[in-house]
Amino acid sequence: MGPNFPGHEDAAAPQRAQTLFAQATIERLFELSPDAILITDGRGIVRASNPSTEEMFGYSAGELIGQPLETLVPARFRVVHPSHRENYSAHPRTRQMGAAMNLFGLRKDGSEFPVDIMLKPMETAEGPAVVSFIRDATEQRAAQEALRRNDQQLRSIVENVRDYAIYHLDTEGCVMTWNPGAERIKGYSPEEIIGAHFSRLFTHEDLERGKPAELLRLAAQRGRVEDEGWRVRKDGSRFWADSILTAIHDSTGQVTGYAKVTRDFTDRKRAEEALIFQLSGALLANMDAEKLLSAISASIREVIPHDNAGLVLYDPEADDMAVQFLGEPGTDAFSGGLRVPIDSSLSGVAFRTRQPVLLDSIDSSPFAPDTLSYLKRMGMQSGCWVPLLHHDKVIGALSVASRREGSFGQHEVEMLVQIAGQVAMAVDHAMAFKRIAELRDRLNQEKQYLEDEINVENRFDDIIGESTGLRSVLKQIETVAPTDATVLIQGETGTGKELLARAIHRLSPRSERTFIKLNCAAIPAGLLESELFGHEKGAFTGAIARKIGRLELAHEGTLFLDEVGELSIDLQPKLLRALQEREIERIGGTRPIPVNVRLIAATNRDLAQMVADKTFRSDLFYRLKVFPVFSPPLRDRAADIPVLVRHFVDRHSRRMGKTIQTIPAEAMEALVHWKWPGNIRELENFLERAVILSRGPVLHVPLAEIESMEDDDEEAAVNSNPTLQAAERDHILKALREAKGMIGGPAGAAAWLGLKRTTLNSKMKKLGIERGDYMQSP
């Protein structure tokens, strides 16, 4: 039935058309709306109603139109209703449904029923009017009543629960029930809190972030949401709450309220904060591993009584787990003395599954006996293992054990899980710090080593010379350098063996990495092992810090062992093993360290004879002598002496700020014919002294020093070394064959070797060289 406005006069045609359109729209709305719709004038007289009004109240449109709206209001509300209408008329506004919760309607038969009403003011040609949309709220109120009854039943169940705050919220978040646990934890009595919004329990920071509304939204969306955070008691104090908010649905799936369960975890939170503080203190101290383990042990003991606690860390290289019992010092805090397999240990179960493992009794354990063997040996009867997770990566497990059965329950599991998160962070940082410290130590020692190398004056800017013997050696170096083969450089002292080793490194694929040198004759035998392999802090008296050995420093680079014949017989097999296995262990260490080095060794001793004398191991000798190179003595490189003389004079004169332009011919002749038993080193030192004595542009060479020395001195030095004698004999035979047996003359062997004829004859006699040794029979 459409609206009826008696006394209305016709208006102009456009006005009438608009009115007709509005009437048609209203009639359509009246026909379709399930709610009762009434239009009343400013005096509260019903001017129009829709079909749903008749269904809801039992009055026909004809019975209602012209009647005051109070006809539909129960008698107990009629006295105050006109004043409410007058107030609304004075301040017309839209009032949505749900603004009031206790409205009732009166049917024609006298029965009452709950209603919800929306009011909408409007203007008509005859003055202001009000459109009322009325909805039967019987079912809604019944549902609310059922909810209240359910709440009462729930209250009777939880009435005696005092460790949990259990209460209900309506759809808006207002508190509907309040148990004694809630009163004890939060400080509000039921009379003070019921009907209030639960947001008053949140901190100011959470209120600013809109957290209460967000929790309701998430609970309605997911059905259940868990949360931890600070909450506020009535007296303003804060406590750490662990809460679960669950949405309550009716049969249609509509959310009708929420159930909230809260626990006071302040003590646990304080324990965690104490643990974090202690761990942070250990971290800030200097990340010392043993101190960190002690801090972890002390922190766990404060919150979980136990007889044994362990930190079990995964070792990816060995694919097992290293156990370090907390509170007990170890040689390596992050390696541990006990190793357990992943697949047959409870730590491994926690590590693999990322879930806690709780063991109430070893005797009734479902786990395999071999997983419990080490616990039985220690007398443990129960335990708990939780994974150590950091950045979604499992680094190991944390365990506690007791000599009593059933010592740990769900509470201890939850506590240990919380602690494990902090321990995992601390251990991960400590291990990273340890790796960084090791790299830093290595870099510092490499830096110190290189600085020492720089400070030691380099004897050559490059390999200088063009003699046949030197060119032969350089050809060998060019051949072997690109490989990773071990090179053994033999030769007299002062022939530049180190320079040849550096040339091999410079021409090799390892040239961008470190070249590490160790003179085995310059270090006492007792310290040589530490220099080679390094040592851990406290490995022996005086080991006040970790030391990185030369083998480790040379990783991916080249290690040059000078005077390798000086290695003790006890150290030789350790070096051989390091070369073969490509790994070392520092003195006092417990874990292998991979090393990948290219070895170059040098010696002026006869290693073959040392092997025969059993002072040098044959297996190491053959391992070193993969590619032998002989560094020729300077007396066999006479053609190179003028070039070397000019090079050294130029270097030292520039260093001393002198200008030397001339080297006397007689001086150069003497230098060329001197045998230089000390080889290039002696030549350089002699020329440095000559530059010091020079006062003008002409080099002053103290020839008297050369003339006063007898050739026998040099010969005696050569004769003292059988290896060098053999090398020199081969060298002279080669020269004689090249000269076709001629000793003297410009094309003779003496000139080729840079020797006097008489000197060469003397050498041939001493070395037992006969004509048949170098001349073939016709």
Pairs returned, first residue in segment 488-509 that is under 12 Å from Phe560 (Cβ atoms), second residue that is in a helix (DSSP H, G or I) and among the charged types (D, E, K, R), beta-carbon separation under 6 angstrom, 6 or more apart or interchain, are Ile489/Lys497
I'm told Leu313 meets every condition in (1) assigned to a helix (DSSP H, G or I); (2) modelled with pLDDT under 90; (3) hydrophobic (A, V, I, L, M, F, W, C) except one. Can you identify the failing condition by its number? (1)
One residue is enough: does segment 549-561 have a residue meeting the conditions under 28 Å from the mean Cα position of the chain (by Cα), within 20 Å of Val626 (Cβ to Cβ) and of a type in the set (Asp, Glu)? yes
In segment 367-403, residue most open to solvent (accessible area, probe 1.4 Å) [restricted to those that are in contact with a strand residue (DSSP E or B) (Cβ under 9 Å, 6 or more places away or on another chain) and either assigned to a helix (DSSP H, G or I) or without any contact (Cβ under 8 Å) to a residue 24 or more places away in the chain (or both)]: Phe367
Are there any pairs with C-beta distances below 6 angstrom linking a residue in segment 65-78 that is under 13 Å from Ser49 (Cα atoms) to a residue that is open to solvent by 40 Å² or more (accessible area, probe 1.4 Å) and of a type in the set (A, V, I, L, M, F, W, C), with the two at least 6 apart or on different chains, and if so which? none
Residue list for segment 648-693, filter: among the charged types (D, E, K, R) and farther than 26 Å from Lys756 by Cα: Asp650, Arg651, Arg654, Arg655, Lys658, Glu688, Arg689
Looking only at segment 719-778, count how many residues are open to solvent by 50 Å² or more (accessible area, probe 1.4 Å), modelled with pLDDT of 80 or more and assigned to a loop (DSSP other than H, G, I, E, B). 3
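Table: residues versus (1) assigned to a strand (DSSP E or B); (2) under 17 Å from Ile593 (Cβ atoms); (3) over 31 Å from the mean Cα position of the chain (by Cα).
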| position | (1), (2), (3) |
| --- | --- |
| Pro509 | no, no, yes |
| Arg513 | no, yes, no |
| Ile516 | yes, yes, no |
| Ala521 | no, no, yes |
| Leu527 | no, no, yes |
| Leu532 | no, yes, no |
| Thr541 | no, no, yes |
| Ile544 | no, no, no |
Just need a number here: residues in segment 198-255 that are open to solvent by 20 Å² or more (accessible area, probe 1.4 Å) and in a strand (DSSP E or B). 14
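Scan segment 30-47 for residues that are open to solvent by 80 Å² or more (accessible area, probe 1.4 Å) and either within 25 Å of Pro92 (Cβ to Cβ) or modelled with pLDDT of 85 or more (or both) and report the count. Full working, then the answer.
Going through segment 30-47, the residues open to solvent by 80 Å² or more (accessible area, probe 1.4 Å) turn out to be 31-32, 34, 43.
Next cut, either within 25 Å of Pro92 (Cβ to Cβ) or modelled with pLDDT of 85 or more (or both) only: 34, 43.
The qualifying residues number 2.
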Residues of segment 169-197 satisfying the condition of being of a type in the set (Asp, Glu), under 13 Å from Gly257 (Cβ atoms) and either assigned to a helix (DSSP H, G or I) or free of Cβ contacts under 8 Å to residues at least 40 places away in the same chain (or both): Glu172
Under 6 Å between Cβ atoms, at least 6 apart or on separate chains: pull out the pairs that start in segment 200-225 with a residue that is within 17 Å of Lys186 (Cβ to Cβ) and end on any residue that is in a helix (DSSP H, G or I) and among the small types (Gly, Ala, Ser). Pro212/Ser199
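The values are calculated or read from the model by the stated rules, or taken from the named source; none is laboratory data. Note that the coordinates shown come from a computational prediction; the quantities given were computed from them, not determined experimentally. Heads up, the Cβs are rebuilt from the backbone with ideal geometry, glycines too, and the neighbour counts pull from every protein chain shown. The accessibility values were calculated without ligands, DNA or RNA, using every heavy atom of the protein model including side chains. Shrake-Rupley method; radii C 1.70, N 1.55, O 1.52, S 1.80 Å.
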